[in-house]
Structures are given as structure tokens and as C-alpha cells.
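Novice: Here's a structure for you.
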Amino acid sequence: MSRTWIVIPMYNEATVVGSVIEGLRKQFPYVVCVDDGSTDGSQEKARAAGAVVVQHPINLGQGAALQTGIEFALQDPELECIVTFDADGQHRVDDAKAMVERVKSGEAEIILGSRFLDDRTKLSPAKRLVLKTAAIQSRLATGMNLTDAHNGLRAFNPRVASNIHLTQNRMAHASELVNQLARLKPKYAEHPVEIIYTDYSKSKGQSLLNSVNIVAELFFK
Amino acid sequence: MLIIVQIVLVAAVMVVSLALMRGGSNARHLAVRRILLMIFAVVAALSVFFPEALTRVAGFLGIGRGTDLVLYGAVVSLFVFMATTYQRFRHAENALTKLSRRIAIDEAEKPGQLS
């Protein structure tokens, strides 16, 4: 039997992570939640919902948690596909399912989610501008023609997974991932996904000012 | 003359910072840092006894007063210090991340053993 592992980085998401995992487990039985030092009991919620919890002893950042989740999943000899998924409920399980199908079919080694391929996702003009600018910068720097370089929903096979080594612990990991893909040159494709901006995900998500941090972290690596 | 000194100083900051950042914390870089520190200490001590000498050096460089020369030197040292400290911090963070990841994965159940 082949397995798909869903990797969820989690930091203080107790209010939503349970329902996110329950929604996922109807389609994907194997979910690993990388707890990045939560202090609000997220771990129990995730375990109760049926996820494996891998617990960082201290808070390191989302990039570090993603890398931990990938390395955990790579221990599984029957691994066929890894999906990265955000804990705050902004991704749709159906999108993830379609992306996994595309990886399994061999169409691509990595499928990256993009919120700009259709008009389901409603964005503020400022956020759209920042994300578009990031995408253009990423294209100029790597030559990879991605429309949404900072989308947390991705599906990839073990070969790609074993070649990803994220060292940007905090915010710049999405750009770092694209940089590493540009060197690895896998067969890749984008998949239209909807980002569901709830009040909760808005309050937890990256503010626009965070783009300053991303640029700073990339510059001073 | 002043602009040349300024350009040289800025270039020195960048070159030394980059050199110290690239190599990380090996013995040679540590030695270079210690030599620089020694030179700085000796110059500082001498300037206490011979303030005019410092002013003459400064005048030769077109900076004006000796205290200005010391100030520029201090700024350069500060930037080098910041750069090397940042680099050491990054190394420490990487080590800490790897250690935490090892602990986290070792403590969790193995994915292949799940039913």
C-alpha cells in the first residue's frame, strides 16, 4: 500500500487544528502535525483528531517545522507523496486531493498550489500586489515560472522531498524552497487552489509587514 | 582626500565583514579577529599618551581631528562585530534546529510502524 503523508506545521492553533485534521483524515489517514512548541494544548487536540504529533522541544519557526515533518515522512518506506498543509484551515482538502492525484499519476514530481490561477480566492489589492511582486522576484531569481511563490499547499514525491533541506527557520522558507527546486529541476506544475480567508486565518496569517522580514531573512542568510 | 578615506573605510567594512561571514568560526578567522583587537588596543593606548600623533595621522588622511579617526574606526569595528556575531548566531541556531529536530523525530512513533 502506498502512503500519502500530510505535513502540518502547528504553533498555538488549538481552536482550529482539530477540525482541520478531522477534515483531512476523511481523505488522508496519515497526518503528521509538527508542533513547534505550542503552549495552548494544540498537541492534545491534534492527537485526539488522529494525527501523529512530532513535537519540537522549543519554538523554531514554521520553516523548521516543515523540514521536520518532511524528514519524519521520509522515514516511511511506503511513502508515495507528501503534502504540506497549513494548520489554520485556509486550505481546501479537495484541492490537496486533486494535487496528490496529479503527483501519483506521474504528471509532475511536485505540484504547487496557486491562488492566482482562478478567481475563487478573494484578496485585498495590497496583498495581491505584494504576492505578485514576490512571484515576479522569484521568477527573476530562479527562472521558475510560478504565479504564487508563497502558497503553503504543495504535493511532492519522495525524490523531491529528500532533496529539500530548509534552513530558513522562520518566514523565508517558501522562497528558499523555490530556490532549491530551481537547482533540483523536478517536473513541476501549478494547481489552482482556493485560500479561505476566515477571520481566524487572517489574524494568524502573515501580515503584509511580514514581507519585510522575508526579504531581510533572505538577504542576511 | 576625505571622500577617499570614506570609500576605503566603507570598502574595508564590507570586505572584512564578508570575509569573516563566509568562513564562519574557524581558527584562522578567530586569529584575525584577535590580531585586529590587539592592534586596536595598542593604537588606543598610544593615543592616550600621544594625542597629537593621532591627530597628525588624521590630518594626513584628511579627516581632521584624531577623535574623528577613532570614531570612524569604532564604527567599522562595530559593523564587523555585528556581522560576525550575526554569523555565529546563525550557526548556533542551525545547530539548535538540528538538535531539536533529532529529538522531535526520535520521540515520535515511526511512520512505517503505524497500522
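Novice: Suppose each label sits 7 Å from its Cα in the direction of the beta carbon; what would the A:Leu218-A:Gln27 distance come out to in nanometres?
Specialist: So the label points at A:Leu218 and A:Gln27 sit 2.9 nm apart.
Novice: Along Cα→Cβ, 7 Å out, is where each label goes; now give me the distance between the ones at B:Val43 and A:Ala48 in nm to one decimal.
Specialist: 6.5 nm
Novice: If I take all pairs of Cα atoms in the range A:19-91, what percentage of them are more than 17 Å from each other?
Specialist: 42 percent
Novice: Which of A:Phe85, A:Phe116, A:Ala65 sits farthest toward the positive end of the charge dipole of the range A:54-116, with +1 on the Cβ of Lys and Arg and -1 on the Cβ of Asp and Glu?
Specialist: A:Phe116
Novice: What 222 nm value per residue comes from the helices of chain A, counting each DSSP H run with n ≥ 4 as -39,500 (n - 2.57) and dividing by all residues, nearest 500 deg cm²/dmol?
Specialist: -13000 deg cm²/dmol
Novice: Let me know the whole percent of all Cα-Cα pairs from the range B:21-115 that are separated by more than 18 Å.
Specialist: Counting pairs separated by more than 18 Å, the tail of P(r) holds 65 percent.
Novice: Could you rank B:Met38, A:Met10 by how accessible they are, 1.4 Å probe, largest area first?
Specialist: B:Met38, A:Met10
Novice: How high is the relative contact order of chain A? Use alpha-carbon pairs under 8 Å, at least six apart in sequence, and give a whole percent.
Specialist: Details: 428 pairs, mean separation 51.6, N = 221.
With pairs under 8 Å counted, the relative contact order is 23 percent.
Novice: Then there is this: Going 7 Å from the Cα of A:Leu208 in the Cα-to-Cβ direction, what parts of the range A:120-147 have a backbone nitrogen less than 16 Å from that spot?
Specialist: Backbone N within reach: A:122-135.
Novice: For helix B:66-107, report the angle its Cα long axis makes with the longest principal axis of the Cα atoms of chain B; keep it between 0 and 90° and round to the nearest 10°.
Specialist: That helix lies at roughly 10 degrees to the long axis.
Novice: Say we join alpha carbon atoms closer than 10 Å with springs in a Gaussian network model of chain B; which of B:Arg88, B:Arg65, B:Arg101 then has the biggest fluctuation?
Specialist: B:Arg101
Novice: In debye to the nearest 20, how big a dipole does the range A:1-137 give about its Cα centre with +1 on each Lys and Arg Cβ and -1 on each Asp and Glu Cβ?
Specialist: So the magnitude is around 480 debye.
Novice: Between A:Thr133 and B:Ala11, what is the spin-label point distance in nm, taking each point 7 Å from the Cα along the Cα→C-beta axis?
Specialist: A separation of 3.3 nm, rounded to one decimal place.
Novice: Counting Lys and Arg as +1 and Asp and Glu as -1, each charge on the Cβ, what is the dipole of the protein assembly as shown about the Cα centre in debye, to the nearest 20?
Specialist: With Lys and Arg at +1 and Asp and Glu at -1, about 980 debye.
Novice: Please work out the Cα center distance from the range A:127-146 to the range A:36-81, rounded to the nearest Å.
Specialist: Comparing the Cα centres of the range A:127-146 and the range A:36-81, I get a distance of 29 Å.
Novice: Please state, to two decimals, what the Cα-based radius of gyration of the range A:99-221 comes to when divided by 2.2 N^0.38 Å (N = residues).
Specialist: My calculation over the Cα atoms of the range A:99-221 gives 1.05.
Novice: Using 1/(1 + (r/R0)^6) with R0 = 56 angstrom and r between the beta carbons of B:Thr67 and A:Thr15, what's the FRET efficiency to the nearest 0.05?
Specialist: That gives a FRET efficiency of 0.40.
Novice: Please sort through the DSSP H helices of chain A and keep those with an alpha-carbon extent of at least 15 Å along the long axis and a Kyte-Doolittle average not below -1.0.
Specialist: Details: long enough: A:14-25 (17 Å, 1.03); A:62-74 (18 Å, 0.64); A:93-104 (16 Å, -0.39); A:125-142 (25 Å, 0.18); A:173-184 (16 Å, 0.02).
Helices passing the filter in chain A: A:14-25, A:62-74, A:93-104, A:125-142, A:173-184.
Novice: Per the Debye formula with a single identical scatterer at each Cα and no solvent contribution, what log10 I(q)/I(0) holds for the protein assembly as shown at q = 0.10, 0.13 Å⁻¹?
Specialist: The calculated log intensity ratios at q = 0.10, 0.13 Å⁻¹ are -0.68, -0.96.
Novice: Can you tell which of A:Val178, A:Val20, A:Val130 shows the greatest fluctuation in a Gaussian network model of chain A with Cα springs below 10 Å?
Specialist: Fluctuation is largest for A:Val130.
Novice: A further question on this structure: Tell me, what is a quarter of the convex hull surface for the C-alpha atoms of the range A:33-169, in nm² with one decimal?
Specialist: Numbers: hull surface 38.7 nm².
Orientation-averaged projected area of the Cα hull: 9.7 nm².
Novice: Additional query: Which one, A:Leu24, B:Ala11, A:Ala172, is farthest towards the positive end of the dipole of the protein assembly as shown when Lys and Arg carry +1 and Asp and Glu -1 on their Cβ?
Specialist: Comparing the listed Cα positions along the dipole, B:Ala11 ranks first.
The values are calculated or read from the model by the stated rules, or taken from the named source; none is laboratory data. Computed from a prediction, not measured in an experiment: that's the story for all the values here. Using ideal geometry, Cβ is built from the backbone for each residue, glycine included, and neighbour counts are taken over all protein chains shown. Ligands, DNA and RNA are excluded from the accessible area calculation, which covers all protein heavy atoms including side chains. Shrake-Rupley method; radii C 1.70, N 1.55, O 1.52, S 1.80 Å.
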